[in-house]
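Notes to accompany the following structure.
The values are calculated or read from the model by the stated rules, or taken from the named source; none is laboratory data. For clarity, every value in this text was computed on a predicted model and none was experimentally measured. So basically every Cβ, Gly included, is an ideal-geometry build from the backbone, and we count neighbours across all protein chains shown.
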Amino acid sequence: MNTLPKRTLTSLAAAGLVLALSSVGTATAAAKPAAAAQGAAQGVTQQVQQAAAPRGKAAATSSPLYKTGQLANSNCSPGDLPRGSTAAYKRFLAYVTNCLNRSWATQFRKAGMSFSKPRLRIITSKVRTPCGPWGKGATGIYCGVNRTMYMLITKQDLRNPYPVGISRLMAHEYGHHVQQVSGILDYSWQARNRASQSARLLLSRRTELQAECFSAIFMNTVAETLPVPSDHWNATVDWFRKEGHKAWGVNDHGKGPTQAAWMTRGFNSGQVGTCNTWSVHPRYVT
Ligand SMILES: [Zn+2]
């Protein structure tokens, strides 16, 4: 049964899968000094710290994260999301971010890779990020330059809070942070720089569909506790199947059915390795 009010589902449209990142040059320049400073402080080089983490294309196709099995359960119980309270909404988002931090920190540890948390900025009106102006229609953005997730609380969100929808979006933006820390995003941008238009879109889809799959494996781990009622999840996937591609001018996020397929695949398995969108035939990332 679908118990979701139609208005709530419509609001998913605004809660886009937006990834706003600057060009490779800026992202790399911003990421490197921090890593170097960390290395210096600990008296080791970045190379030694991340000996286990492949770089370049292998960071995407053969990430050690894929062998870490089920995403760790963070026992995530954020509680109710009452209508009309910005403060409660902020608490909820901060709580879910902590759940994501715990789950993914465990996964990076298992993979033998270093990890750092993203920053979270919860806003009630659009801001300019170091990655550029706020994208049209977006309510969530991950900016790789300052490793920050920006979550916009809209009036519609406050009127009709939808915990499954907002958690899915948070977990998607967090998925881009996982890609950032593991070197996947660097590869994605570098490859796009030297690719044709159609190849660029394919690289973008591999990136976005993986973030969506990372989101779905998280939704699986919190299914009992957040909770994620199966009718809410099914309605969300159905929405993406029909509408998920409509927010984007070009096919950079994947067709609706493709998005729904990766959501379902991730949710049903809960395994990080099922989210390897980088090694599959292009027909699975259409
Ligand atoms: Zn995205």
Failed criterion for N160 (all others in (1) without any contact (Cβ under 8 Å) to a residue 60 or more places away in the chain; (2) surrounded by fewer than 21 Cβ atoms within 10 Å (Cβ to Cβ); (3) over 19 Å from W189 (Cα atoms) hold): (1)
Residues of segment 43-67 classified as outside any loop (DSSP other than H, G, I, E, B) and either among the basic types (K, R) or modelled with pLDDT under 65 (or both), total: 6
When residues of segment 239-271 are limited to those that are out of contact with any Gly (no Cβ under 6 Å at 6 or more places or on another chain) and among the charged types (D, E, K, R), the one nearest to the ligand (Cβ to nearest atom): D252
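Are any of the residues in segment 71-81 in contact with a strand residue (DSSP E or B) (Cβ under 9 Å, 6 or more places away or on another chain) and either away from the ligand (no atom under 16 Å from the Cβ) or at pLDDT 95 or above (or both)?
Keep residues of segment 71-81 that are in contact with a strand residue (DSSP E or B) (Cβ under 9 Å, 6 or more places away or on another chain), which gives 71.
Subset that is either away from the ligand (no atom under 16 Å from the Cβ) or at pLDDT 95 or above (or both): 71.
Checked against the condition, which is being in contact with a strand residue (DSSP E or B) (Cβ under 9 Å, 6 or more places away or on another chain) and either away from the ligand (no atom under 16 Å from the Cβ) or at pLDDT 95 or above (or both), segment 71-81 yields at least one hit.
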Every residue from segment 171-187 that is surrounded by fewer than 23 Cβ atoms within 10 Å (Cβ to Cβ) and either within 15 Å of the ligand (Cβ to nearest atom) or on the phi > 0 side of the Ramachandran plot (or both): Q180, G183
Residue check for R102: farther than 27 Å from V164 by Cα and outside any loop (DSSP other than H, G, I, E, B): no
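Would you mind finding the one in K90, K117 that is more than 16 Å from the ligand (Cβ to nearest atom) and either more than 25 Å from T207 (Cα to Cα) or β-branched (V, I, T) (or both)?
Of the residues listed, the single one that is more than 16 Å from the ligand (Cβ to nearest atom) and either more than 25 Å from T207 (Cα to Cα) or β-branched (V, I, T) (or both) is K90.
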Hey, T236 at pLDDT 95 or above and either more than 26 Å from S63 (Cα to Cα) or within 16 Å of the ligand (Cβ to nearest atom) (or both) or not: yes
Test: residue in segment 235-246 that is surrounded by fewer than 23 Cβ atoms within 10 Å (Cβ to Cβ) and in contact with a His (Cβ under 8 Å, 6 or more places away or on another chain): yes
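Let's see how each residue does on (1) within 15 Å of the ligand (Cβ to nearest atom); (2) in contact with a Phe, Trp or Tyr (Cβ under 9 Å, 6 or more places away or on another chain):
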site: R128; (1), (2): no, yes
site: G132; (1), (2): yes, no
site: A138; (1), (2): yes, yes
site: N146; (1), (2): no, no
site: I153; (1), (2): no, yes
site: Q156; (1), (2): no, no
site: P161; (1), (2): no, yes
site: L169; (1), (2): yes, no
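Per-residue answers, yes or no, for (1) surrounded by fewer than 17 Cβ atoms within 10 Å (Cβ to Cβ); (2) in a helix (DSSP H, G or I):
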position: C76; (1), (2): no, no
position: P82; (1), (2): yes, no
position: K90; (1), (2): yes, yes
position: L93; (1), (2): no, yes
position: T97; (1), (2): no, yes
position: K136; (1), (2): yes, no
Selection count where residues are more than 22 Å from E212 (Cβ to Cβ) and not in a loop (DSSP other than H, G, I, E, B), scope segment 122-131: 1
Test: residue in segment 219-230 that is surrounded by fewer than 17 Cβ atoms within 10 Å (Cβ to Cβ) and either under 23 Å from R119 (Cα atoms) or touching a residue at least 60 places away in the same chain (Cβ under 8 Å) (or both): yes
Residue under evaluation K136, criteria (1) more than 26 Å from L71 (Cβ to Cβ); (2) touching a residue at least 24 places away in the same chain (Cβ under 8 Å), criterion not met: (2)
Residue check, A211 at pLDDT 95 or above, of a type in the set (A, V, I, L, M), under 23 Å from T97 (Cβ atoms) and out of contact with any Cys (no Cβ under 7 Å at 6 or more places or on another chain): yes
